[in-house]
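Enquirer: The following block contains the structure, expressed as structure tokens.
The values are calculated or read from the model by the stated rules, or taken from the named source; none is laboratory data. All values reported here derive from a predicted model rather than from experimental measurement. Note: areas computed on protein heavy atoms with side chains; ligands, DNA, RNA excluded. Shrake-Rupley method; radii C 1.70, N 1.55, O 1.52, S 1.80 Å.
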Amino acid sequence: MDNHNAKILVVDDEPAVRRILETRLSMVGYEVVTASDGEEALKLFDQESPDLVILDVMIPKGDGYYICQEIRKFSEIPIIMLTALSDVADRITGLQIGADDYLVKPFSPKELEARISTILRRVKKTEYRSNPDGGVLRIGKLTVDTNKRKVFSGNSIVRLTEIEFNVLQLLIRQAGEPISRAEILEAIWGYTPRQTGDLRLVDVHISRLRGKIENDPKQPEYIITERGMGYSFQRLLDYPQGGASSQVMSAGIAMD
């Protein structure tokens, strides 16, 4: 998918915001469709099959949280939430129910464009392409197919968003090595933390991942918190020397 052929659904009840975003995003090559309320948003989502959704929290006929949850029932495409709420807890709510990123109003359209570009670039890099250093990884009960970008727990598929899969893949690639939250933010979201809330973005995605892949998210076996450092993918099993790469083997990951 070429970023400049990507289709973006903008959902906001403010005509000025819709007009500005439609103009700005169209100028840089995106196809843009807009909706003013939740009901119209879900209808256009079904009709237009967008590649990314920009979703305001405070909209009529179903707020942004509800629309995000509805989309996540059948789609893992990226969602960026816009919020005028000053309470960090309210912004975190959007992430917990499936949003990939958020911006607080008033925001810079240029910053929004940068975040859209970063997310779509990562989708483009991995969507229809094999991962040259990937394969099928078996980690305890988990099977991670880095080519098809699918995760299974036993025989059941684990539905991950694009961002969640990218975070998991980053941790696996550096298995056994602590990665700071700032490093994860820059590697996955493409920007450095400017405020405390930015790092919470990483924490919420780690929490979402644990909820999907761990037997007991409160006592994780896979993604471990390294106090004062960040997160790491935990060593699970011991293998004899030789065979697969030392990093994979030391992390207890069998590669097909």
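Enquirer: With every protein chain in place, what's the accessible area of E186 (1.4 Å probe, Å², nearest 10)?
Expert: Rounded to the nearest 10, the figure is 100 Å².
Enquirer: In whole Hz, with x marking every Gly and Pro, tabulate ³J(HN,Hα) for segment 137-150 from phi via Karplus 6.51 cos²θ - 1.76 cosθ + 1.60, θ = phi - 60°.
Expert: With the stated coefficients, segment 137-150 comes to 9, 10, 10, x, 7, 8, 10, 10, 9, 7, 7, 8, 6, 10 Hz.
Enquirer: Long-range amide H contacts for D51: which residues qualify at under 5 Å (H placed 1.01 Å from N, peptide plane, sequence gap of 5 or more or a different chain)?
Expert: Amide H neighbours of D51, under 5 Å, 5+ apart: K7, I8, L9.
Enquirer: A further question follows. Please calculate the 1.4 Å probe accessible area of S117, with all protein chains present, and give it to the nearest 10 Å².
Expert: About 40 Å², ignoring ligands and nucleic acids.
Enquirer: Keeping all protein chains in the complex and leaving out DNA, RNA and ligands, what accessible area do you get for F152 with a 1.4 Å probe, in Å² to the nearest 10?
Expert: The accessible area comes out at roughly 70 Å².
Enquirer: Give me, ordered by chain and number, the residues 5 or more places off I59 or on other chains with an amide H under 5 Å from its own placed amide H.
Expert: HN-HN under 5 Å from I59: G64.
Enquirer: Right, another one. Using a 1.4 Å probe on the protein heavy atoms, what percent of the accessible area of segment 150-202 belongs to carbon and sulfur?
Expert: Its accessible area is 46 percent carbon and sulfur atoms.
Enquirer: Dimensions of segment 46-96 along principal axes (Cα, Å, largest first)?
Expert: Principal axes ranked by extent give 33, 21, 16 Å for the Cα atoms.
Enquirer: What whole number of Å gives the distance from the Cα centroid of segment 1-59 to the Cα centroid of segment 141-214?
Expert: Their Cα centres are 26 Å away from one another.
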